Amino acid sequence: MVERPNKPSSLVATPGLPPQPTVNFSDDNSLVTATLPTGESITVLLYGATVISWKDSSSTEKLWLSSAAKLDGTKPVRGGIPLVFPVFGPPPADHAQTSSLPQHGFARTSRWEFLGKSTSESSGDQQTGDLSVKLDFGLSSAADGLDPKGKAAWPFKFNLIYSVTLNRRDLTTSLVVTNDDERAFDCQVLMHTYLKVKDITNVTISGLDSSSYVDKVDAASTKTQSGEIRIEGETDRVYTADGPVTVSEGGKTLFTVTRDNLSNVVVWNPWVEKAKGMGDFEPKDGYKEMLCVEPGSVGGWQTLEKGDAFEGAQTIALGA
């Protein structure tokens with residue numbers, strides 16, 4: 001995939017049609033913003049294909065982004081929805097294919113190509129026009145934007161298609177991984193979603209009751225969830241579960257996260273000391289206003305033979 005050097009500054013509605021979504025590029029072509037006629041919007045940074053903003057019709061932000069996040073391609077973005085591929089967390093020393101990779105792999109540190117937009121009229125009408133817009137992004141082993149360190153450490157031929165779909169009341173992100181190599185390879189994928197809340201001490205997470213999880217704060221011990229989750233200290237858990245996960249605050253549903261072909265969900269909050277130790281986490285008390293609920297396939301490995309593909313997706317729906 002080759003970057004187009006002369007991309008249009010914006011893609012707008014055709015004259016004579018009802019209001020439709022617009023797609024605009026920043027002056028340096030590093031950011032893509034899509035806006036529905038009703039005011040909802042998303043902004044995606046081509047570095048990492050990272051969704052860094054999702055706003056509702058009243059321009060209320062739904063994702064948390066560190067005020068110290070680097071958006072210039074010098075390091076992974078702290079906040080939004082970074083993409084994890086082909087390995088989650090620090091690479092295991094006993095897994096030869098990924099042991100030399102950086103933490104969380106290279107998808108979030110590569111520059112993706114914008115492949116285009118598509119819209120849906122299924123929920124539109126003459127007043128509001130299309131109420132859905134999908135942005136597609138691509139990254140392959142032959143792409144100019146691929147992180148060179150990642151390419152050297154993981155020399156497999158692959159193709160990734162990442163789609164971000166904005167509706168009035170929800171956001172869907174999906175990733176398709178295709179093995180274009182002659183050899184089989186193992187991979188993990190995860191969408192490291194930072195949700196914005198007002199006060200983490202008033203937040204509860206439901207939908208994971210009776211699910212098994214690995215508690216990374218407690219020596220990676222395996223436990224079983226009992227009841228709702230409340231964040232009362234540093235939290236880093238990898239759950240294996242089916243069904244939707246609901247995030248509520250003060251008894252009111254904020255988000256409902258559903259997963260497609262992603263059997264794991266990570267629940268993470270750094271709390272006080274961990275936040276202090278991260279240079280790009282600002283403000284330091286920002287942990288009070290964020291919660292990571294991260295759908296993924298990270299409990300084991302997806303093994304893709306030549307020509308095989310894996311697809312996983314999440315949909316984050318807003319509460320009433």
Note on the stretch 161-177: residues in a strand (DSSP E or B) and more than 25 Å from Gly299 (Cα to Cα) are Thr165, Leu166, Asn167, Asp170
Top-ranked residue in the stretch 147-160 [being assigned to a helix (DSSP H, G or I) and surrounded by 18 or more Cβ atoms within 10 Å (Cβ to Cβ); ranked as nearest to the chain's Cα centre (by Cα)]: Gly150
Return a yes/no flag: does the stretch 130-146 have any residue that is hydroxyl-bearing (Ser, Thr, Tyr), surrounded by fewer than 16 Cβ atoms within 10 Å (Cβ to Cβ), at pLDDT below 95 and within 26 Å of Gly39 (Cα to Cα). no
Hey, Asp260 hits all of (1) surrounded by fewer than 21 Cβ atoms within 10 Å (Cβ to Cβ); (2) over 25 Å from Thr172 (Cβ atoms) but one; which does it fall short on? (2)
Of the residues in the stretch 178-197 that are aliphatic (A, V, I, L, M) and outside any strand (DSSP E or B), the one that is most open to solvent (accessible area, probe 1.4 Å) is Ala184
So how many residues does the stretch 48-76 have that are touching a residue at least 24 places away in the same chain (Cβ under 8 Å), touching an Asp or Glu at 6+ places or on another chain (Cβ under 8 Å) and either part of a strand (DSSP E or B) or among the small types (Gly, Ala, Ser) (or both)? 7
Does the stretch 225-237 contain any residue that is out of contact with any Cys (no Cβ under 9 Å at 6 or more places or on another chain), over 26 Å from Val87 (Cβ atoms) and of a type in the set (S, T, N, Q)? yes
Tally time: how many residues in the stretch 247-277 are touching a residue at least 60 places away in the same chain (Cβ under 8 Å) and closer than 20 Å to Leu63 by Cα? 10
Any residue in the stretch 306-320 that is within 17 Å of the chain's Cα centre (by Cα), of a type outside the set (Lys, Arg) and farther than 26 Å from Ser66 by Cβ? yes
Of the residues in the stretch 303-320 that are under 30 Å from Arg169 (Cβ atoms) and small (Gly, Ala, Ser), the one that is surrounded by the fewest Cβ atoms within 10 Å (Cβ to Cβ) is Ala320
Just one listed residue, out of Leu65, Leu46, is open to solvent by less than 50 Å² (accessible area, probe 1.4 Å) and either of a type in the set (A, V, I, L, M) or closer than 22 Å to Val293 by Cα (or both), and it is Leu46
Has the stretch 274-281 got any residue that is among the aromatic types (Phe, Trp, Tyr), part of a strand (DSSP E or B), crowded, with 20+ Cβ neighbours inside 10 Å and under 19 Å from the mean Cα position of the chain (by Cα)? no
Odd one out for Gly89, checked against (1) in contact with a helix residue (DSSP H, G or I) (Cβ under 9 Å, 6 or more places away or on another chain); (2) open to solvent by less than 20 Å² (accessible area, probe 1.4 Å); (3) at pLDDT below 95: (1)
Can you tell me which residues in the stretch 99-118 are within 30 Å of Leu131 (Cβ to Cβ) and open to solvent by less than 20 Å² (accessible area, probe 1.4 Å)? Ala107, Trp112, Phe114, Gly116
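The values are calculated or read from the model by the stated rules, or taken from the named source; none is laboratory data. Just so we're clear, the structure is a prediction, and the values are computed from it rather than from any experiment. Note that each Cβ is placed from the backbone with ideal geometry, even for glycine, and that neighbours are counted across all protein chains shown. Ligands, DNA and RNA are excluded from the accessible area calculation, which covers all protein heavy atoms including side chains. Shrake-Rupley method; radii C 1.70, N 1.55, O 1.52, S 1.80 Å.
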